[in-house]
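Working notes, beginning with the structure itself.
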Amino acid sequence: MTVTEPTSGTTVFDALESAVRTYCRRFPAVFTRASGHRMWDEQGREYTDFLSGAGALNYGHNPPEAKAALVDYVLADGPAHGLDLHTTAKARFLRRFHEVVLAPRGLDHRVQFTGPTGTNAVEAAFKTARRVTGRTDIVAFTGGFHGLSLGALAASATAFKRGAAGVPLGHVTRMPYEGYFGPDTDTVDHLVRLLDDPGSGIDRPAALVVETVQGEGGLAAASPDWLRRLAAAARERDILLIVDDIQAGCGRTGTFFSFEEAGIVPDLICLSKSISGYGLPMALTLVRPELDLLGPGEHSGTFRGNNLAFVTAAACLENWDDPAFTDRVARTAALLEELLGELARTFGHLGCAVRGRGLIRGLAFTDDGLADRVSRAAFDRGLLVETSGARGQVLKIMPPFVIDEDGLRGGITVLADAIGSAATEGEGQ
Ligand SMILES: *Cc1c(COP(=O)(O)O)cnc(C)c1O
């Protein structure tokens with residue numbers, strides 16, 4: 001069919017784009033501009049963004065310092081693409097990442113630049129864990145999400161996503177996340193019992209892979225104590241610990257890494273989403289030096305050297321050197337917690353419960369279909385807020401760090417209105 005110019009509205013997407021598109025179905029606007037916590041569509045309508053690129057825009061849209069660094073680099077003809085060649089942009093990122101993130105936390109991990117997606121960072125971590133241990137299986141948890149390429153997909157839990165694989169997904173053993181069987185069953189004890197019992201039928205795994213907050217799986221958050229005991233259980237059995245910090249990392253929980261509060265040191269750490277700080281594709285796997293055993297080119301990829309992303313990543317890292325920034329993130333997280341607590345009280349009759357930690361939060365309701373209706377009602381009111389969980393049963397609230405108090409309060413007011421309206425709509429059905 002022909003697509004008439006000028007393109008406006010969603011006709012071109014409906015006509016030409018694959019059926020696999022998804023976020024745009026929920027938020028069917030055509031966006032033209034974005035800044036901080038706000039986006040505008042081609043009708044000039046303004047939206048408050050609690051979606052934040054599914055966690056890729058922690059610093060908001062087009063953060064000014066990163067934008068300036070990027071524009072300077074582009075205007076100076078800095079190499080944009082570089083495979084894994086040495087560039088000054090990569091050198092600067094590595095230096096600052098070491099000085100601002102790794103060294104102050106006592107971490108000596110090597111930085112492996114993987115293909116620029118989260119799922120590729122997870123593939124790299126799994127390959128390394130399998131190489132180092134000579135074992136094949138990975139333990140992943142209920143509700144976990146680790147990406148959609150086959151190796152990572154095997155560790156992702158949602159039946160709907162797994163169903164697209166078209167081949168059996170193997171070499172992953174599923175274990176219950178904290179709280180899976182309710183408050184009375186300790187799932188680390190459960191794991192340890194199965195690992196230690198030669199009659200359990202569980203082969204010793206190469207690694208455990210875990211998210212400290214399940215971004216796609218419904219915003220369950222592991223307690224520091226559970227994480228510490230999990231890490232100890234792995235270490236005592238010579239099993240590697242992989243923290244998939246692709247969504248909960250880069251400051252979402254209030255600290256740069258989401259596991260800092262627990263005081264654990266993972267063997268492998270996956271970062272992507274907000275590591276570039278600008279929404280530019282970039283991913284990395286941090287590897288304890290003695291585990292860095294993949295040889296040159298064994299895990300390769302054409303776009304591992306996204307130098308534009310290195311430039312913005314280095315610019316955004318400067319924030320973590322500034323105590324005023326971390327204070328601000330903590331204050332925003334505290335305000336969000338307070339406002340969500342008020343929402344949970346207001347909508348107590350809907351079983352509204354707050355999930356997650358820091359600035360990666362969820363709202364669950366008794367009626368599993370309500371989150372989806374709230375998300376749609378919120379969009380009609382100019383608020384972008386998505387759902388999470390295998391049945392889309394949890395509303396996911398993830399404003400950028402840079403949102404100011406008015407923006408946050410305004411967004412939550414719209415959300416309250418959307419919940420009220422979606423709940424009434426549900427009663428009418
Ligand atoms: C988004 C995500 C991934 C996959 O990242 P992609 O860039 O979409 O491949 C993996 N793990 C977690 C925890 C994520 O949130």
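The values are calculated or read from the model by the stated rules, or taken from the named source; none is laboratory data. Treat the numbers as computed from the prediction; the structure is a model and nothing was measured. All Cβ positions, glycine included, derive from the backbone under ideal geometry; neighbour counts span all protein chains shown.
Being on the phi > 0 side of the Ramachandran plot and not assigned by TED's automatic domain parsing to the domain that holds G254 narrows it down to one of G382, G362, so name that one. Write out each step before concluding.
Details: G362 fails: on the phi > 0 side of the Ramachandran plot.
From the options G382, G362, the qualifying one is G382.
The conditions are (1) under 25 Å from the mean Cα position of the chain (by Cα); (2) exposed (fewer than 13 other Cβ atoms within 10 Å of the Cβ); (3) not aromatic (F, W, Y), and H37 fails exactly one of them. Which is it?
Only one criterion is unmet by H37, namely (2).
Are any residues in the stretch 250-277 hydroxyl-bearing (S, T, Y) and buried (at least 24 other Cβ atoms within 10 Å of the Cβ), and if so, which ones?
If the condition is that a residue be hydroxyl-bearing (S, T, Y) and buried (at least 24 other Cβ atoms within 10 Å of the Cβ), then T253, S258, S272, S274, S276 are the ones that fit.
Go over the candidates G53, G115, G147, G143 one by one and state the one that is closer than 30 Å to G362 by Cβ and assigned to a helix (DSSP H, G or I).
Residue meeting the stated conditions: G53.
Conditions (1) over 24 Å from A121 (Cα atoms); (2) touching a Leu at 6+ places or on another chain (Cβ under 8 Å); (3) of a type in the set (A, V, I, L, M), marked per residue:
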{"residue": "A152", "(1), (2), (3)": "no, no, yes"}
{"residue": "A159", "(1), (2), (3)": "no, no, yes"}
{"residue": "V188", "(1), (2), (3)": "yes, yes, yes"}
{"residue": "P198", "(1), (2), (3)": "yes, no, no"}
{"residue": "D203", "(1), (2), (3)": "yes, no, no"}
{"residue": "G215", "(1), (2), (3)": "no, no, no"}
{"residue": "L219", "(1), (2), (3)": "no, no, yes"}
{"residue": "D225", "(1), (2), (3)": "yes, no, no"}
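Can you tell me how many residues within the stretch 181-231 are touching a residue at least 24 places away in the same chain (Cβ under 8 Å) and either among the aromatic types (F, W, Y) or part of a loop (DSSP other than H, G, I, E, B) (or both)?
The qualifying residues number 17.
Before we move on, is V100 more than 14 Å from the ligand (Cβ to nearest atom) and outside the structural domain of A29 (by TED's automatic domain parsing)?
Judged against the criteria, V100 is a match.
Does F160 satisfy being assigned by TED's automatic domain parsing to the domain that holds M282, more than 13 Å from the ligand (Cβ to nearest atom) and of a type in the set (F, W, Y)?
Criteria met by F160.
Looking at D14, D84, D77, D72, which is the one that is free of Cβ contacts under 8 Å to residues at least 12 places away in the same chain, among the acidic types (D, E) and in a loop (DSSP other than H, G, I, E, B)?
Of D14, D84, D77, D72, the one residue that is free of Cβ contacts under 8 Å to residues at least 12 places away in the same chain, among the acidic types (D, E) and in a loop (DSSP other than H, G, I, E, B) is D77.
Looking only at the stretch 283-313, count how many residues are among the hydroxyl-bearing types (S, T, Y), closer than 20 Å to R130 by Cα and not in a loop (DSSP other than H, G, I, E, B).
Going through the stretch 283-313 one residue at a time, the tally reaches 1.
Taking the conditions exactly as written (within 12 Å of the ligand (Cβ to nearest atom), over 19 Å from A220 (Cβ atoms) and either touching a residue at least 60 places away in the same chain (Cβ under 8 Å) or within 19 Å of the chain's Cα centre (by Cα) (or both)), does G144 satisfy them or not?
For G144, the condition - within 12 Å of the ligand (Cβ to nearest atom), over 19 Å from A220 (Cβ atoms) and either touching a residue at least 60 places away in the same chain (Cβ under 8 Å) or within 19 Å of the chain's Cα centre (by Cα) (or both) - is not met.
Do we have T253 as assigned by TED's automatic domain parsing to the domain that holds F97, closer than 16 Å to T142 by Cα and among the β-branched types (V, I, T) here? Talk me through it step by step, then tell me what you get.
Details: assigned by TED's automatic domain parsing to the domain that holds F97: yes; closer than 16 Å to T142 by Cα: no; among the β-branched types (V, I, T): yes.
No; evaluated as a whole, the condition is false for this residue.
Condition test on T128, is it among the β-branched types (V, I, T), touching a Ser or Thr at 6+ places or on another chain (Cβ under 9 Å) and either more than 12 Å from the ligand (Cβ to nearest atom) or over 20 Å from G215 (Cβ atoms) (or both)?
When the stated conditions are applied, T128 passes them.
Can you give me the number of residues within the stretch 103-121 that are within 16 Å of the ligand (Cβ to nearest atom) and of a type in the set (A, V, I, L, M)?
Of the residues in the stretch 103-121, 1 are within 16 Å of the ligand (Cβ to nearest atom) and of a type in the set (A, V, I, L, M).
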